[in-house]
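The values are calculated or read from the model by the stated rules, or taken from the named source; none is laboratory data. A quick note: this is a predicted structure, and the numbers were derived from the prediction, not measured. For neighbour counting, all protein chains shown are included, and Cβ atoms are generated from backbone atoms with ideal geometry for every residue, glycine included. Protein only, heavy atoms only, side chains kept; ligands, DNA and RNA dropped before computing areas. Shrake-Rupley method; radii C 1.70, N 1.55, O 1.52, S 1.80 Å.
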Amino acid sequence: MHFFYSIDMNKQRSTYGVLFGLSLLLVTLSNSAKAEQTHLNRSTDTLAPILTCIAQGNLQLAKTNRLPAHIQFRQVMTTEGNRKVSTLDGYKLILETAPNVMFVDLKLEQSDAKLFSEDRVAIIAQMQKVYQSKMTPAKPIPIRKHHDIEIIALDQSSLEVNGPLSIYTLLSESRAVIATAYMMNQPAELGAFKTMREYEVLRDQFIDDLVGCLKADQTVTATTQE
């Protein structure tokens, strides 16, 4: 199993065990891609302008990892079994509010434009599986739209939990890009927030900034690798 997109959840357990523990299945990657896929052309980086935009935001970009070129899909779990999501390219970003104080673990994925509709359905089904685990009776997961970006949110109701406080998935059909953000709790003595309201303000500001980086009317020029 490839752990490029995994989060270290050692000793962390949430009150929504499935939601914020096992739900890290959301980003489990398959490394079953065959050797013949290594020919993938990475001469153009369609995600680089988005990374540049994110780096210019209010949070500090502490770490960047690029998805290995031979990994062209990942598997997600839904109530109807595993489904594939295309990943022609991808990045894992760590964003901090202060040095060594992580706030966001962000994954950016470039889907195959021809498969984006199928990828979108798989991602929504995956988030629905997690959402319904804490809803009685089960209800459809809310999906809201901001500009041309669909936003699916899973939020904790309190800071008194371990693990991520929120998981947000943003879907940009115009760019065939999927962004998954894990917003983490922070040590009280170092954190940028001390109350749920302070956290929500910081969370919402980040999501607004991310939407701004993803939206279709932003001028984007792909970076060509020399």
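Of all residues in the range 110-134, those being open to solvent by 60 Å² or more (accessible area, probe 1.4 Å), under 15 Å from the mean Cα position of the chain (by Cα) and closer than 19 Å to ALA48 by Cβ number 0. Restricting the range 53-109 to residues that are buried (at least 16 other Cβ atoms within 10 Å of the Cβ) and of a type in the set (Ser, Thr, Tyr), the residue that is modelled with the lowest pLDDT is THR78.
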